[in-house]
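The values are calculated or read from the model by the stated rules, or taken from the named source; none is laboratory data. Please read all numbers here as calculations on a predicted model, not as lab measurements. Methodologically, a virtual Cβ is constructed for each residue, glycine included, from the backbone with ideal geometry; neighbour enumeration extends over all protein chains shown. SASA here: full protein model, heavy atoms, side chains in, ligands and nucleic acids out. Shrake-Rupley method; radii C 1.70, N 1.55, O 1.52, S 1.80 Å.
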Amino acid sequence: MNRRRVLVVEDEPMIAAAVADRLRAESFDVDVRADGPSAVSAFTDETSDAPPGQPFDIVVLDVMLPGFDGLEVCRRLHAVRPVPVLMLTARDAETDILVGLGVGADDYLTKPFSMRELVARVHVLLRRVERATPDPDPAASSAEPVLLLDGLEISPSERRVRVEGAEVHLTRTEFELLICLAARPRTVLGRDQQLAAVWGWAGHGSTRTVDSHVKALRRKLGGDRIRTVHGVGYALDVAR
Ligand code: CA
């Protein structure tokens, strides 16, 4: 199996070097870019150092960048193909705003962060992508049922969601949160349980991240399908 490739986009040289060194120590191939336009061209293989035909597996992306910012980079990368994005933000509040905008990043890390945490998040995102890769056996995937819940139609194999017949576009994280809630409708799930199910580890990472993604998911699903139980967590409310 090829070594996995990471595109690191960060304009602060100290942070960029520290992140790249640590990821290389973890056996990743790392390309570093310091502004929006060169990040996009590295991704589209115009200026990449790596042999052609070996795409990036994941992108670690700073928000504030010269040229155009991380939001625009994220949009342009996803216009080429889906790739997991770990966004580096300056403040927790910024994360809330980004999630609200539906930028499409899969996870957020607030500066300053530890290199250990960064590596943990990168591995979690890569594992999630591997888990989500469709089964190559068509008989197996077509056998997967579509979940029908009170006007909500969820197809895990196609990763599609419809609300009252209209398709809604969710980020990977929002989709997995919805799956987590829909697996036990009307049951209150704690933020820690959701962190463990969606982000793959418990007691690590911020429950604020769950809140932000739930907010975005609730907005996209409309109505009052996701109920907040203050101090506890969330439940997907569906009619019996
Ligand atoms: Ca920056």
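Worth a mention:
- The chain: angle of helix 115-132 to the longest principal axis, Cα-based, in degrees nearest 10: 50
- Angle between the chain longest axis and helix 92-101 axis [Cα atoms, degrees, rounded to 10]: 70
- Beta bridges by DSSP in the chain, antiparallel share as percent, to the nearest 5: 50
- The chain: most fluctuating residue of Ile226, Ile97, Ile154 per GNM, C-alpha cutoff 10 Å: Ile97
- Using C-alpha pairs below 8 Å separated by at least 6 residues, the relative contact order for the chain is 13 percent.
- P(r) tail fraction, the stretch 151-240 - alpha-carbon pairs more than 19 Å apart, %: 33
- Extension gain (nm, one decimal) between Met64 and His78, 0.36 nm per residue minus Cα-Cα: 3.2 nm
- Whole-percent carbon and sulfur share, accessible surface of the chain, 1.4 Å: 54
- Per-residue SASA remark: Cys180, around 10 Å² accessible (1.4 Å probe; ligands, DNA and RNA not included).
- Relative to the longest principal axis of the Cα atoms of the chain, helix 13-25 runs at roughly 80 degrees.
- Average accessible surface for the chain: 48 Å² per residue, computed with a 1.4 Å probe over protein heavy atoms with every protein chain in place.
- Each residue, Arg24 and Val232, gets one label point 7 Å from its Cα in the Cβ direction; the gap between the two is 5.1 nm.
- D (Stokes-Einstein, µm²/s), Kirkwood Cα radius, the chain, 1.306 mPa s at 10 °C: 84
- In this structure, Met14 and Arg91 have a Cβ-Cβ separation that, at R0 = 22 Å, corresponds to a calculated FRET efficiency of about 0.70.
- Each residue of the stretch 103-111 was assigned a 3J(HN,Hα) from its phi angle through the Karplus expression (A = 6.51, B = -1.76, C = 1.60, θ = phi - 60°), giving 4, x, 6, 8, 7, 10, 10, 8, 6 Hz with x at Gly and Pro.
- Distant-in-sequence amide contacts of Ile226, defined by a placed amide H-H separation under 5 Å and a gap of 5 or more residues or a different chain, comprise Asp237.
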